[in-house]
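Quick note: the coordinates plus some simple rules give every number you see, no bench work behind them. Everything numeric in this text was worked out from a predicted model, so none of it was measured. All Cβ positions, glycine included, derive from the backbone under ideal geometry; neighbour counts span all protein chains shown.
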């Protein structure tokens, strides 16, 4: 292989390829970025054995070839070189790749090309177009509720056809749930009836790769494929095959007639909760809500950290008088809405609480409250 | 110029506590040898003074006690009842000093320092305390008053039962000169042998050898012994703290690895521990399983639950799961379980939480009430028959 590349043409692709490589692995194959020079292109390929990245970039190919180099070292070197032309020359006999730029010369050991394993090709048939921007936002608004640990099934986002020609994307852990519904007929047609499951770790990789441009999307039985519409870069990842919990059981509770309704200003609540968070401790990390028809009194107290009380103007009707939420989780939830006004549907002081916003159409987050304990605080006063 | 008040520590030791409670509650036992402890492989928890005349002592195997005193009345301990009586005693003590350290169910230390400023005759004050304990419980106790803890404990033992022994500060050196070393707490059989070979018979004899000698000979215990020989005991009276765990254990008549037998015992223990927790209004999150094998090695395994419990079933099932996970094939000499980490921690509820079954709490409460009224054997769950 002998090629010349412009650093500016390849550096972004190289960084994306490098981000796929596992941090620690004993397998040289997985530590590698594969370089394939063909026609007038340099193709970069990397995988962690599950997720696969492919990118194709302009190059002057003087001699075609395929080789694997230690990915992180190679990318770090290219990143630190000045902009401009870089020559890559393979010495197959010595199993090294020469990297040259002006008077700078480097050598990196290469992997035998017999180690190369084929990457999945993007299936052209049935591919649909989707907004990268929207997919990024969707991941962002669901991912924060997806568990890092626990049941493998709930460490995934589900994307499935829903009623009224919609698609719903949902994620949950044991205590929180987020769902967004949207319309996309083509994508809906692509999805199997039970939907697909994408693991949280792959969502994070997808989000890093996605830009604001449109992308091509396709599926086969085992993998999800994403590709830039100029076909230069693609990402494919395995789908999970777990039984996702039936979240519709607790969704239905939000629409029961006895559900209490609390309308609050998102901004005011955020500011108050950020101050209250100061008064949370490792052992008591919640904010108590004392509910009246026109006011909610927010309190938090710890034995050693003092206490906080804030009163917010609200519109409330319902039977729940007191409820507590983990402050940090509630703040994180509020950050994912855009609406100035939010409506909280309280199914009980120990039941799920649904949050919706007037300007966040079809977006629902459910948070479980804290178990309220009879907590006695002691203080000494001069009387 | 004022001088700091002299330290005074009082040690209270209830006289033959469990046996005295039984004799108080059952007139037929009075004046007769009463031995608390049960089963053939158990040990004597305590015995009445009448039984002691026959050579019966605490911690002696029951089989030995039966040989020495076959005519004695053998009574199974009623720990919950003794706990209640003990609480009454502690209430009296708290009216005398804010610094009360309960050392065991029938022993306590009080810091009496400074009380002679209020009442110069500390003996009279101690005697009044003794009378109040008698009035509140109907039981006698022995008291020792001394400048430090270990001397107070020795003093309380000097005129049992119902004695009050005051060891004044100026009398300490003479007292130590004639105090047999075996009386010093911590000097057991092994240390006693070492001291014997060195011709150390009295506490003061210890000072014939330098501090370093004792450290070399007995390590930390040697240093403490050297201090005690000078009447030094830096341990303060540490006020009583709430119990941090509830537990129960059983030694088997014959070592066993039979899963059915082990499960049955665990259930019985879960009932006992659960009942004590419920009575005290406590719930714990950590369940611990204790196993002692036939070779006397011992292991414990614990599991912390997301929510605190005092439900018999939950305690039992958690301990049983720990037992199964152990995959033990060895025979067990003892099995026990305990509940600790009292109190609920705030936690976020889960979508898939299983709500507590109120019927279970109701069943536990009903069984507790029946046993409280008619005795522990009044009703037994089928699974432990």
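Between residue A:49 and residue B:43, the C-beta separation translates, for a Förster distance of 51 Å, into a calculated FRET efficiency of about 0.20. Comparing B:353, B:258, B:364 in a Gaussian network model of chain B (Cα springs below 10 Å), the most mobile by mean-square fluctuation is B:353. I'd like the distance between the alpha-carbon centres of the range A:255-272 and the range B:134-152, rounded to an integer number of Å. Between the Cα centre of the range A:255-272 and that of the range B:134-152, the gap is 62 Å. For helix A:200-209, what angle does its Cα long axis make with the longest principal axis of chain A, in degrees from 0 to 90 and rounded to 10? Tilt relative to chain A: about 60 degrees.
Can you give me the Cα centroid spacing of the range B:1-72 and the range B:289-319 in angstrom? Answer, in whole Å: 31. Taking 7 Å steps out from each Cα toward its Cβ at residue B:95 and residue B:345 produces label points 4.1 nm apart. In plain terms, the residue of A:130, B:8 with the fewest other Cβ atoms within 10 Å comes first and the most crowded comes last, giving A:130, B:8.
Report the gain in length on full extension from residue A:72 to residue A:95: 0.36 nm times residue separation, minus Cα-Cα distance, nm rounded to one decimal. Spell out each step's value before the answer.
Values: separation 23, 0.36 × 23 = 8.28 nm, distance 1.79 nm.
Result: 6.5 nm gained on full extension.
Using the Cβ-Cβ distance between residue A:338 and residue A:292 with R0 = 41 Å, the FRET efficiency computed as 1/(1 + (r/R0)^6) comes to roughly 0.90.
Segment residue B:300..residue B:171, full-extension length gain: 41.7 nm, with 0.36 nm per residue of separation and the alpha-carbon distance subtracted.
The angle between the Cα long axis of helix B:122-137 and the main principal axis of chain B comes to about 30°, on a 0 to 90 degree scale.
Cα gyration tensor of the range A:2-115, axes a ≥ b ≥ c as square roots of the eigenvalues: rounded (a/c below 1.5), prolate (a/b > b/c) or oblate?
It is rounded, given that a/c, with a ≥ b ≥ c, falls under 1.5.
If you run the Gaussian network model on chain B, springs between alpha carbon atoms under 10 Å, then out of B:185, B:210, B:147 the most flexible one is B:210. Working from label points 7 Å from Cα in the Cα-to-Cβ sense, the residue B:223 to residue B:381 distance is 4.9 nm.
Fully extended, how many nm does the chain gain between residue A:231 and residue A:270 (0.36 nm per residue separation, minus their Cα-Cα distance)?
On the way: separation 39, 0.36 × 39 = 14.04 nm, distance 4.26 nm.
Result for the pair: 9.8 nm of gain on full extension.
Seen through its C-alpha gyration tensor, with square-root eigenvalues sorted a ≥ b ≥ c, the range A:128-245 comes out prolate because a/c lies at 1.5 or above while a/b is bigger than b/c. Ordering of A:170-179, A:115-124, B:72-81 by packing is A:170-179, B:72-81, A:115-124, highest average first (other Cβ atoms within 10 Å, averaged per residue).
Averaged across A:364-372, how many Cβ atoms of other chains sit within 10 Å of each residue's Cβ atom? Can you show the working numbers first?
Values: counts 0, 0, 1, 2, 7, 2, 4, 9, 2.
Whole-number average of other-chain Cβ neighbours for A:364-372 is 3.
For a modelled paramagnetic label at residue A:253, 7 Å from Cα along Cα-to-Cβ, the residues of the range A:322-359 in reach, with backbone nitrogen under 11 Å, are A:346-354. Where a ≥ b ≥ c are the square roots of the eigenvalues of the C-alpha gyration tensor, would you call the range B:181-261 rounded, which needs a/c under 1.5, or, failing that, prolate if a/b is larger than b/c, or oblate? Oblate is the answer for the range B:181-261, as a/c is 1.5 or above yet b/c matches or exceeds a/b. With R₀ set to 22 Å, the beta-carbon distance separating residue B:81 from residue B:363 gives a calculated FRET efficiency near 0.40.
Helix A:132-143 axis versus longest C-alpha principal axis of chain A: approximately 50°, rounded to the nearest ten. Return the distance in nm (one decimal) between the two label points of a simple spin-label model at residue A:372 and residue B:293, each offset 7 Å from Cα along Cα→Cβ. Rounded to a tenth, the inter-label distance reads 5.1 nm. Considering the range B:1-140 at the alpha-carbon level, its Rg and Dmax are found to be 17.9, 65 Å.
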